[in-house]
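What follows is one structure encoded as structure tokens, with my remarks underneath.
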Amino acid sequence: MKTRNLKGMLFVLISMLIFSGVNTLVKDTAQHFPIWQLVFCRMFFAAFPGLGLLALKGELGSLRENIPFKSFMILGSGVAVALFLLFQAFQHLPLADATSIGYSAILFITLFSWPLLNEPVEWQRGLAIFIGFMGVIIVAEPSGDFSWYSLCAIGFALLDALLLIMTRILGRNHSAAVI
């Protein structure tokens, strides 16, 4: 059990390093390339590690299983739109602000888990969500330098939360590798 926990922590650290690097790269390159091209490249090149992982686990054949094409198209399209919103925010906001607002996705996930997944959300968590959203409002600066791009970051967080919940629902009937 301890080995699995250490392995999990290592994977989380590596993924956070990769995501931070990609976000920084997007912040820099968004000044020179159209956002839709960056979204395409991000999605295209993200497919290779996913396929590599499937091959490594011997699960490439699982891609042929009966998958709900419409659900996966909605999921993939949603990811593209969410990335477009996030990359817009990265292009026009300070990276720390866009990232901070984007991290509010976890608040939306907790908020939506009650009606969409029938998971209990105690009053303490409700209070924590409320306090968290107050922090997001402070970072977004609605009375100061609030802009369309702050809304893009909030839109990303909202859409990201819904997509992660959709992924969880799809995970009931499909392997994580396929998703």
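The values are calculated or read from the model by the stated rules, or taken from the named source; none is laboratory data. Just so it is clear, the structure is predicted and the values come from calculations on it, not from any experiment. Cβ sites come from the backbone with ideal geometry, for glycine too, and all protein chains shown count toward neighbours. The protein model used for the area step is the full one, side chains on, heavy atoms only, and it has no ligands, DNA or RNA in it. Shrake-Rupley method; radii C 1.70, N 1.55, O 1.52, S 1.80 Å.
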| request: Could you check T167 against (1) open to solvent by less than 50 Å² (accessible area, probe 1.4 Å); (2) touching a residue at least 60 places away in the same chain (Cβ under 8 Å); (3) farther than 30 Å from A55 by Cβ and say which number it fails? | output: (3)
| task | Show the residue pairs that are 6+ apart or on different chains and have beta-carbon atoms under 6 Å apart, the first residue being within the range 42-69 and more than 25 Å from V81 (Cα to Cα) and of a type in the set (A, V, I, L, M), the second being assigned to a helix (DSSP H, G or I) and open to solvent by less than 80 Å² (accessible area, probe 1.4 Å). | result | L60/L54
| task | Within the range 47-101, work out how many residues are within 18 Å of the chain's Cα centre (by Cα), β-branched (V, I, T) and open to solvent by 40 Å² or more (accessible area, probe 1.4 Å). | result | 3
| task | May I ask you to verify whether D28 is open to solvent by less than 50 Å² (accessible area, probe 1.4 Å) and charged (D, E, K, R)? | result | no
| Take the residues of the range 110-130 that are loosely packed, with under 10 Cβ neighbours inside 10 Å and of a type in the set (S, T, N, Q): which is nearest to R172 (Cα to Cα)? | N118
